[in-house]
Amino acid sequence: MGKLAFGELELLIVKAIRTLGRATVRDIYQNLGNEGSYTTVMTVMSRMADKGELVREKEGKQYVYWVGSSNDSPSKNILQRIQDKIFGGKSTAMVSYLLESDEAISDQELAEIEQLIQKRRAEKKHG
């Protein structure tokens with residue numbers, strides 16, 4: 001796993017929990033390849049539960065975590081924090097960074113992005 005960028009471990013945890021459904025820290029740690037620190041994974045999952053990004057319940061000596069059914073997804077919450085902390089809360093700065101990254105964006109992906117923008121505009125106009 002190595003040193004992860006801001007929010008990266010949280011996103012990996014959410015992805016693993018979505019795949020597993022309900023999971024313990026050990027389940028997630030093993031899903032992430034047993035690399036890095038078990039205690040780091042445990043601390044991050046506990047903090048995510050404290051922030052409402054995950055739900056947890058004590059079962060025996062351990063907690064079981066899952067993604068709650070609220071409309072605010074953990075991924076969205078994490079990305080919002082990244083947007084706030086790194087891009088000063090500005091969506092345009094974050095999108096610009098993604099579009100200007102070294103990763104090549106295909107014409108198909110650009111077309112999909114344009115469709116999403118058009119859809120969002122229509123929603124705002126009618127809603």
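The values are calculated or read from the model by the stated rules, or taken from the named source; none is laboratory data. If you're wondering where the values come from, they're calculated on a predicted model, not measured in any experiment. Methodologically, a virtual Cβ is constructed for each residue, glycine included, from the backbone with ideal geometry; neighbour enumeration extends over all protein chains shown.
General remarks:
- Residues satisfying the stated conditions in the range 13-37, i.e. in a helix (DSSP H, G or I), among the basic types (Lys, Arg) and surrounded by 14 or more Cβ atoms within 10 Å (Cβ to Cβ): 15, 18
- Check on residue 110, among the hydrophobic types (A, V, I, L, M, F, W, C), within 20 Å of the chain's Cα centre (by Cα) and loosely packed, with under 12 Cβ neighbours inside 10 Å: no
- Tallying residues that are surrounded by 11 or more Cβ atoms within 10 Å (Cβ to Cβ) and either closer than 25 Å to residue 51 by Cα or within 17 Å of the chain's Cα centre (by Cα) (or both) within the range 81-97 yields 11.
- Pairs, first more than 18 Å from residue 53 (Cα to Cα) in the range 17-31, second assigned to a strand (DSSP E or B), C-beta under 8 Å, six or more apart: 26/62; 31/23
- Condition check for residue 64: in a strand (DSSP E or B), among the aliphatic types (A, V, I, L, M) and without any contact (Cβ under 8 Å) to a residue 60 or more places away in the chain: yes
- Taken over the range 38-77, the criterion of being over 19 Å from the mean Cα position of the chain (by Cα), surrounded by fewer than 11 Cβ atoms within 10 Å (Cβ to Cβ) and either at pLDDT below 85 or not charged (D, E, K, R) (or both) is satisfied by 39, 60.
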